[in-house]
Amino acid sequence: LLAVKRIRLERLYPSRVARAEHDFRQEALMSARLEHPNIVPVHDFGRDERGRPLMAMKLVRGRKWSDLVMEEFNALPHQEYAARQVSILIGVAQAGAFAHSRGVVHRDLKPGQVMLGEFGEVLLLDWGLAVYVGSQDERESARRIGLPDLADTSTASNPSGTPALMAPEQTFPTAEGIGPWTDGYLRGGTLYQLLTGTFPHEAGTAVLSMTLARIG
């Protein structure tokens, strides 16, 4: 049994379809580089009988971490709640550390991107905004064996991410300031959210949240 992820092309403006398909392919390529117990594996990428792109992934049964946080924040004694959430955050950090060792930065770490399996699995999802920050030598090596180019800090779109959690470098017009430290900031923002019940840059609008993020 597999999970099949698709783009709902019918919900997009025609001018956005090509970009959406490109980003979807990038997500598949980024995910395929990352084989780790805390990252959902991608098994295949292709098109269905109607020509729509699809991604075949491991099927994970469980719930989103964000739902668990909402349920337990006021329901558990503080120490029990904190111990439970921090153990999950460690799993997320391990996934991030492995990705960084492969030259990949997630750029959108938050509880809503984490699935908790029925048997204690902690799985970081959705690498659609990921950026490749590997060395030029690694990139040249990948080209020599025919691997496609991955979105890097010179080609990735920016601003990008979740405004209420963004690192300052995510708010600028280019992605040139993005690096492993970006995910470090997002993990810190996640810890802030876990302990306080609010986002670090929580505001009335996304624009105001981005302003708060830019000034840190």
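The values are calculated or read from the model by the stated rules, or taken from the named source; none is laboratory data. No experiment lies behind these values; they were computed from the predicted model shown. All Cβ positions, even for glycine, are placed from backbone atoms using ideal geometry, and neighbour counts span all protein chains on display. When the accessible area is computed, the model is the full protein with side chains, heavy atoms only, and any ligands, DNA or RNA have been set aside. Shrake-Rupley method; radii C 1.70, N 1.55, O 1.52, S 1.80 Å.
Computed values, structure above
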read-out	value
Nearest-ten-degree value, helix 180-196 long axis tilted from longest Cα axis of the chain	30
³J(HN,Hα), Karplus 6.51/-1.76/1.60, whole Hz, each residue of the stretch 102-113, x for Gly, Pro	9, x, 10, 10, 5, 6, 8, 5, 5, x, x, 9
Against the rule of thumb 2.2 N^0.38 Å, how large the Cα Rg of the stretch 1-57 comes out	1.19
Highest-first arrangement of 173-180, 107-114, where packing means the average Cβ count within 10 Å	107-114, 173-180
Residue-by-residue Karplus 3J(HN,Hα) for the stretch 155-164, coefficients 6.51, -1.76, 1.60, Hz, glycine and proline x	10, 5, 6, 7, x, 7, x, 9, x, 5
Helix-derived mean residue ellipticity, 222 nm - over the chain, DSSP H n ≥ 4, -39500 (n - 2.57), to 500	-13000 deg cm²/dmol
Kirkwood hydrodynamic radius of the stretch 65-108, from inverse mean 1/r over distinct Cα pairs, in Å	11.8
Chain lengthening between F119 and E49 when straightened (0.36 nm per residue, less Cα-Cα)	21.7 nm
Residue with peak Gaussian network fluctuation, the chain [Cα springs, cutoff 10 Å], from L125, L195, L76	L76
For the chain, built as a Gaussian network whose Cα springs stay under 10 Å, the top-fluctuating residue of L59, L29, L12	L12
Candidates V104, V17, V42: whichever shows maximal mean-square fluctuation once the chain is modelled as a Gaussian network with Cα springs under 10 Å	V17
Portion, in percent, of the accessible area of the stretch 53-187 that falls on carbon or sulfur, probe 1.4 Å	56
For the stretch 17-119: Kirkwood Rh in Å [reciprocal of mean 1/r, alpha carbons]	15.6
Degrees between helix 78-101 axis and first principal axis of the chain (Cα, 0 to 90, nearest 10)	20
Quotient of Cα Rg and 2.2 N^0.38 Å for the chain, N being how many residues it contains	1.05
Solvent exposure of the stretch 11-139 as accessible area per residue, Å², 1.4 Å probe	53
Rounded accessible area of T196 (nearest 10 Å², 1.4 Å probe)	60
